[in-house]
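First up is the structure itself, then whatever we jot down about it.
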Amino acid sequence: MTDRAADRPLLDALPALRDRVAELRYPLDLAGATVARREQAAVAGQVADYLLPRLRQIDAPLLVVVGGSTGAGKSTLVNTLVGAPVSPAGVLRPTTRAPVLVCSPTDAGWFTDDRVLPGLARTTGDARDARSLRIVPAAAVPAGLALLDAPDIDSVVVANRELAAQLLAAADLWLFVTTAARYADAVPWDLLHTAAERSTALAVVLNRVPAEAIGEVTSHLRSMLHDNALDGAELFVIPETTLVDGALPAAAAGPVRAWLAALAADADSRAGVIRATLTGALDALDRRIPALAAAADEQRSGADRLRAAVVAAYELAAGEVEDGVRDGSLLRGEVLARWQEFVGTGEFMRTLESRIGQLRDRVWAAVTGRPVAGTPVRDALESSVEDLVVDAADRAAERSVASWRAEPGGRSLLAGAGSAGLGRSAPELRRRLGAEIRAWQGFVLGLVAEEGADKRTAARIASLGLNGAGLAVMLGVFAHTGGLTGGEIAVAGGTSVAGQRLLEAVFGDQAVRTLAVEARVDLMRRVQRLLVDDAARFEVPLEEAGVVSGAAVREALGVLVRARRAEART
Amino acid sequence: MSRLLTLRRPGSTGGDLDERLRGLAAAVDAGAGRLPAAELATATAVVDRAAQRLGLGVGAAVVALAGATGSGKSSLFNALVGTDLSAVGVRRPTTATAIACWWGETSADPLLDWLAVPRRHAAGVDPALDGLVLLDLPDHDSTERSHRAEVDRLVAVVDLLVWVLDPQKYADAAVHERYLVPLAGHSDVMLVLLNQADRLPPTARESCLVDLRRLLAAEGLAGVPVLATSARTGEGVPELRRLLTDRVASRRAAAERLAADVVAVTAALARYCGGRAAGVPAGASADVAAALAAAAGVDTVVAAVDRSHRSRAALATGWPPLRWLRRLRPDPLRRLHLGGAPVEGSRTSLPPASAAARAGVRTAVRALGATAGAGLPDPWPELVSTAARRDEAALPDRLDAAVAGADLGPDRRPRWWALTGAAQRLLATVALVGGLWLLVLFGWSYLQLGDPPVPHVGRLPVPTLLLVPGVLAGLLLALLSRRLAGWGARRRARAARRRLEDRVDRVAAEAVLEPVEEELAAYERWCAALRRARG
């Protein structure tokens, strides 16, 4: 149980890499996401189950995992090698459900703690729990080597297939068992490809070969191994025989037993096997991690695309609302009313100001060619703005959902619980909008009060002018009765009064226009805020997805690679 | 054999399957363009395949031996045929392409051409097996991917599937997950064999069969016959032959397979039907109509009608000396290009609807779409609300056309206008005569020609009597007419509003409700057709 100093940086780098890998998320159903999810679990599993324990204790016993198809005779082979029925064999498929580890009694200490395969509970009894590892010490197994009877790789029991893949990833050496009927099956060959890619040490047992077929089948399998760059694998052929007490005849299993015994006896070749598999697994990380990182980056950019689609949709909505309120009559009606209330103009001024405003609109429309909107709707201002904003938000939500549907990653998010009701604006939007518009009306009042403070006197005088007009009429009447030619006075007074009114009205209208711009900017700021809140609902599923970029895991791999280089130099 | 075939017209299998196939075809029609194309294509493929298969005659039964490499399909095939037709070997995989053998007088060539199985053999006449077309398929689980593609193709079209399993491979995921589970609805047209049974001791064989039956039952295939066979010892082969003979003799194999296909595809499509459409609630359509009326500018037009009526009444019945002033002001209806008789298709001069009004329309239409489609399975709610908005872009134009084509009330001039007008002219003439008379009198006395004789009524001179009451009466009459015209204007405005709203309602019905109802009808059609297909 030595910790070699040279392994230290590597031993620091690996757990960090494992943690970074565990943080990756592939929630968007992009092309390759399923593969990435599986690969992520596999990498994390291999680091924990194999790489870390093996690096910590390079001299721990060699773990030989006996894997293969259901019905290939894995358990029978293990029982034969051990010389005792440690793993139940049978005709029902799949037979082995809980993995069994057989080792020399002196080596048992290496496996009873959770040094390797920490995810599996240890039992020594006959527990048949699929997520437990039964440790059987057996004197027939040479020291320095342990045999693990794995479940099948291809039966209908999904848990078996997953566990088998996990166990094979934790192996120093695969003892791959297949049969004459099985050796060309697609599923085992997929696993053998993986072994070739990772330079895992491999031995193949061709079991249950009918005597007459030995030559043809063996040569075919050899050529298949050659075609798949697995020439280095040891190949053992066991002919079809009748079992003796559930075990193969000694002669049939002899070569395998002898080969394993030789391996156990020779510390150098054992270390060679361990080194080869370990280096292969570490080398494979150089390919596997960048692939995981690339898939994570794709997830990230997929999430960014989804986010951008929502932002674009809601920006368009803000533009629509802005266009709707830019046509001034909507807001000026409101501002004008507040102005008149504030400066306290009389009815006469009120009419005059409104008339002048309308006249200006008409002239403006004639000059610019922009049509005059329909009847001014001051009374319905609240509901008009509400309609505008709710409609714009509804359409933005629709557009967002539509673009999410069009994106492969978006569909899976929309199916999630966090995405309920995203197709429309939030139900509380109208209520919040009402409150916001009332607050805005308060703002407009304040604005008018501030702006009109110095003009108030002028406006007051202007409205006093109305009384002045009355005075002029009385004067005119008096003058008439007094024998003067009152017509002149009346005309003079009338024109001056009306002219002043006109000036004041124009002046007031101008002030109102300036204020209306400010009022619009404020309204838009409020609407913008509500729209941002509405768009934020789309963040919920995105947040839940928790996509991270592949940068961190790439960096962790870089640290690992540097640690390996440093180790190689020493 | 041939007599048996002619008894039943090719292409017909009895009413039930034909009816269900017609239902499926109708369902595809109703769902086309609405439901996922890929799933409808599966249904179309079933319908097409059924037509082709039934067209080739139901007298023959195509039976395929399928299974993993090394399970003994070819050995079993040879045992059934009686000669070593299919190559048997230890090198895996052995069989690369399907091989066929057929019994009977009627050539199976058309059928095998359709199945695209070129390797074929005529076994001759065997009264028990006449009509049987036996296929030996390649494996589905070896490293040769092309074999799997060939199996996939033929598994989809043959009449009866015989799955050849063996003690080593009977629980392989490859056969269960890829074929048996998806074919759970086809248990009537499948057999499962545990071949190479001779390799197991009798007790083990029994527990193996029990385990296999348990596995199949868990996959929903409890009804499938399971048979232990051995091509080497011949065990179970006569029994298998008897099972096949029964199937062939019944002449129902093709129809049963197709019926199972219809059931499977119908079951997959059933999730697109569930729950009844609530229909369009009256409140929602009233909201849409109100929003459309606001967007169409009905209020503006009605106000113009009112003012126009008053204006024309004033022109006809006003005090003549001031009437001309009216002519300076344009007729409010004419300004909207609505002055004349209604013209369908012409464009008014109404200002475009405000952004708020347009938003109101969209919100109302969206709410209608949402309520009409509520409770339907996906994707129907989406389809219904899309249908509601289908003509949204054309709505402004249609509303304008509706307003332009509206009869805004009779353009007739009430008779009292003419009477009052005549009275006004008379009064004006009287006043004018009085005025002129007074003018002459004024000139007369200005020229110091002495007092001309002026007739008096009582103490009042006649010219004054003509002028002052003439003017006063004219003004009074104008005032009175104005009141009266106001009453008439309101009545005409009300009538115009009714007509405008009727026309806007029609636009709502045509542009919003009809597409929605069309979509709901398509949903009903779809469900009804699916029920027919389900039988």
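The values are calculated or read from the model by the stated rules, or taken from the named source; none is laboratory data. Keep in mind the model is a prediction, meaning the values are calculated, not measured. Note: ideal-geometry Cβ built from the backbone for every residue, glycine included; neighbour counts use all protein chains shown. Just so you know, the surface numbers come from the protein's heavy atoms only, side chains and all, with ligands and any DNA or RNA stripped out. Shrake-Rupley method; radii C 1.70, N 1.55, O 1.52, S 1.80 Å.
Could I have the simple spin-label model distance between B:T203 and A:D522, label points 7 Å from Cα toward Cβ, reported in nm to one decimal?
9.4 nm
Let me know the mean shielding of A:421-429 by other chains, meaning the per-residue number of their Cβ atoms within 10 Å of its Cβ.
Working: counts 0, 0, 4, 4, 1, 0, 0, 0, 0.
Mean number of neighbouring Cβ atoms from other chains: 1.
Calculate, in nm to one decimal, what A:R38 and A:I58 gain on full extension: separation in residues at 0.36 nm each, minus their alpha carbon distance.
Details: separation 20, 0.36 × 20 = 7.20 nm, distance 2.78 nm.
Computed gain between A:R38 and A:I58 is 4.4 nm.
Can you work out the Karplus-derived ³J(HN,Hα) for every residue in the stretch B:214-226? Use 6.51 cos²θ - 1.76 cosθ + 1.60 with θ = phi - 60°, whole Hz, and x for glycine or proline.
Rounded to whole hertz, the list is 4, 4, 5, 4, 5, 9, x, 10, 4, x, 7, x, 10.
For B:R213 and B:E177, what does the FRET efficiency come to when R0 = 22 Å and r is the distance between their Cβ atoms, rounded to the nearest 0.05?
Working: r = 18 Å, r/R0 = 0.83.
Taking R0 as 22 Å, the efficiency between B:R213 and B:E177 is 0.75.
Using a basic spin-label model with each label point 7 Å from the Cα along Cα→Cβ, how many nm lie between A:E544 and B:S107?
The modelled label-to-label distance comes out at 6.3 nm.
Restricting attention to the alpha-carbon atoms of the stretch B:427-473, what are Rg (one decimal) and Dmax (integer), both in Å?
That works out to 11.0, 33 Å for Rg and Dmax.
Based on the alpha-carbon gyration tensor of the stretch A:171-288, what equivalent-ellipsoid semi-axes (square roots of 5 times the eigenvalues) come out, in whole Å, largest first?
Largest first, the stretch A:171-288 gives 26, 19, 11 Å.
So what is the accessible area of the protein assembly as shown per residue, in Å², with the probe set to 1.4 Å?
Details: 49520 Å² over 1105 residues.
Solvent-accessible surface per residue comes out at 45 Å².
Once amide H atoms are placed 1.01 Å from N in the peptide plane, what residues at a sequence separation of 5 or more from B:S142, or on another chain, have their amide H within under 5 Å of its amide H?
Those qualifying (amide H under 5 Å, at least 5 residues apart or on another chain) are A:A186, B:T69.
Compute the Kirkwood hydrodynamic radius of the stretch A:64-149, taking the inverse of the mean of 1/r over all pairs of distinct Cα atoms, and give it in Å to one decimal. Present the calculation step by step, with values, prior to reporting the outcome.
Details: mean 1/r = 0.0772 Å⁻¹.
Here the Kirkwood hydrodynamic radius works out to 12.9 Å.
Return the carbon/sulfur percentage of the accessible area of the stretch A:200-272, one whole number, probe 1.4 Å, all protein chains in place. Provide the component values of the computation, followed by the final result.
On the way: 1990 of 3540 Å².
Roughly 56 percent of what the probe reaches on the stretch A:200-272 is carbon or sulfur.
Translational diffusion coefficient of the stretch A:93-205 at 10 °C, 1.306 mPa s, Stokes-Einstein with Kirkwood Rh over Cα pairs, in µm²/s as a whole number. Before the final figure, lay out each step's value.
On the way: Rh = 14.9 Å.
Estimated via Stokes-Einstein, D reaches 107 µm²/s.
Full-extension gain between B:A51 and B:R326, please, as 0.36 nm times their residue separation minus the C-alpha to C-alpha distance.
Numbers: separation 275, 0.36 × 275 = 99.00 nm, distance 8.02 nm.
Taking 0.36 nm per residue and subtracting the Cα distance, the gain is 91.0 nm.
Tell me, Kirkwood radius of the stretch B:295-358 from alpha-carbon pair distances, in Å?
Details: mean 1/r = 0.0759 Å⁻¹.
Radius from the Kirkwood sum: 13.2 Å.
Can you run phi through the Karplus equation (6.51, -1.76, 1.60; θ = phi - 60°) for the stretch A:283-293 and list ³J(HN,Hα) in whole Hz, with x for Gly and Pro?
Those phi angles translate into 4, 4, 4, 4, 9, 6, 5, x, 5, 4, 5 Hz.
Using only the alpha carbons of the protein assembly as shown, determine the length spanned along each of the three principal axes and report them from longest to shortest in whole angstroms.
That gives 168, 90, 42 Å along the principal axes, largest extent first.
For B:A286 and B:A122 in one chain, what is 0.36 nm times their gap in residues minus the Cα-Cα distance, to one decimal in nm? Walk me through the numbers before you get to the answer.
Numbers: separation 164, 0.36 × 164 = 59.04 nm, distance 7.36 nm.
Result: 51.7 nm gained on full extension.
Within the stretch A:118-223, which trypsin sites (Lys or Arg not before Pro) sit in a loop by DSSP and count at most 13 neighbouring Cβ atoms inside 10 Å? Mind dumping the intermediate values first?
Working: sites: A:R122, A:R128, A:R131, A:R134, A:R161, A:R182, A:R198, A:R208, A:R222; in loops: A:R128, A:R131, A:R182, A:R198.
When the trypsin sites (Lys or Arg not before Pro) of the stretch A:118-223 are filtered for loop state and at most 13 Cβ neighbours within 10 Å, A:R128, A:R131 remain.
Looking at the stretch A:147-174, which residues lose a minimum of 40 Å² of accessible area between their chain alone and all protein chains in place, measuring with a 1.4 Å probe and not counting ligands or nucleic acids?
Residues shielded by partner chains are A:V156.
To the nearest 10 degrees, how steep is helix B:253-269 against the longest Cα principal axis of chain B, on a 0 to 90 scale?
It is inclined by approximately 40 degrees.
Sequence-distant or interchain residues sharing an amide H contact under 5 Å with B:R92, placed H: which?
Residues meeting the criterion, in which the H sits 1.01 Å from N, do not exist here.
Put +1 on the Cβ of every Lys and Arg and -1 on every Asp and Glu Cβ in the protein assembly as shown; which of B:L76, B:L137, B:T42 then has its Cα farthest towards the positive end of the dipole?
Selected residue: B:T42.
Total accessible area buried between chains A and B, 1.4 Å probe, in Å² to the nearest 100? Write down the numbers at each step before the final one.
On the way: alone 26580 and 26380 Å², together 49520 Å².
Roughly 3400 Å² of accessible surface disappears when A and B pair.
Under a plain spin-label model, where a point goes 7 Å from the Cα along Cα-to-Cβ, how far apart in nm are B:A374 and A:T514?
5.1 nm
Normalised by the empirical 2.2 N^0.38 Å for globular proteins, what value does the Cα Rg of the stretch B:358-517 take? All intermediate terms of the calculation are to be shown ahead of the outcome.
Working: Rg = 32.0 Å, N = 160, 2.2 N^0.38 = 15.1 Å.
Normalised Cα radius of gyration, the stretch B:358-517: 2.11.
Could you grab the relative contact order for chain B? Cα pairs under 8 Å, six or more apart, rounded to a whole percent. Numbers along the way, then the final one.
Values: 836 pairs, mean separation 95.2, N = 535.
Normalised by residue count, the contact order of chain B is 18 percent.
If R0 is 22 Å, what FRET efficiency do you get for B:A528 and B:A32 from their C-beta distance, rounded to 0.05? Write down the numbers at each step before the final one.
Values: r = 16 Å, r/R0 = 0.71.
Efficiency, rounded to the nearest 0.05: 0.90.
Once amide H atoms are placed 1.01 Å from N in the peptide plane, what residues at a sequence separation of 5 or more from B:H121, or on another chain, have their amide H within under 5 Å of its amide H?
Counting only residues 5 or more places away or on other chains, the set is B:A100, B:C101, B:W102.
For the stretch A:35-104, would you read off the P(r) tail past 17 Å as a percentage of all alpha carbon pairs?
Within the stretch A:35-104, distances greater than 17 Å cover 58 percent of Cα pairs.
Count charges around B:L477 for me, please; just the other residues with Cβ under 14 Å from its Cβ, Lys/Arg as +1, Asp/Glu as -1. Numbers along the way, then the final one.
Details: positive: B:R323, B:R425, B:R482, B:R483; negative: none.
Charge balance near B:L477 sits at +4.
Using R₀ = 41 Å, calculate the FRET efficiency as 1/(1 + (r/R₀)^6) where r is the Cβ-Cβ separation of A:A271 and A:E212; round to 0.05. Please list the in-between numbers first.
Working: r = 41 Å, r/R0 = 1.01.
For A:A271 and A:E212, the calculated efficiency is 0.50.
Please flag any cysteine in chain B that has no other cysteine's Cβ under 4.7 angstrom from its own Cβ.
B:C101, B:C208
Could you please state how large a percent of the accessible area of the stretch B:37-94 is carbon and sulfur, counting protein chains only and using a 1.4 Å probe? Can you show the working numbers first?
Details: 1080 of 1900 Å².
Carbon-and-sulfur percentage of accessible area, whole number: 57.
Can you say what percent of the DSSP beta bridges in the protein assembly as shown, counting only those with both residues inside, are antiparallel? Round to 5. Working shown, then result.
Values: 13 of 64 bridges.
Antiparallel bridges: around 20 percent, rounded to the nearest 5.
Leaving ligands, DNA and RNA out of it, rank B:V158, A:V532 by accessible area with a 1.4 Å probe, largest first.
Values: B:V158 0, A:V532 90 Å².
Heavy-atom accessible area, descending, gives A:V532, B:V158.
Is it possible to state the helix-based mean residue ellipticity at 222 nm for chain B, with each DSSP H run of 4+ residues giving -39500 (n - 2.57), the sum divided by total residues, to the nearest 500 deg cm²/dmol? What is it?
-19000 deg cm²/dmol
Got the relative contact order for the stretch B:220-378 handy, in percent, Cα pairs under 8 Å and 6 or more residues apart?
Details: 95 pairs, mean separation 54.6, N = 159.
Over the stretch B:220-378, the number comes to 34 percent.
Could you go through the stretch A:386-392 in sequence order and give the Karplus-derived ³J(HN,Hα) for each residue, using 6.51 cos²θ - 1.76 cosθ + 1.60 with θ = phi - 60°, rounded to whole Hz, and x for Gly and Pro?
So the J values, rounded to whole Hz, are 4, 4, 4, 6, 4, 4, 4.
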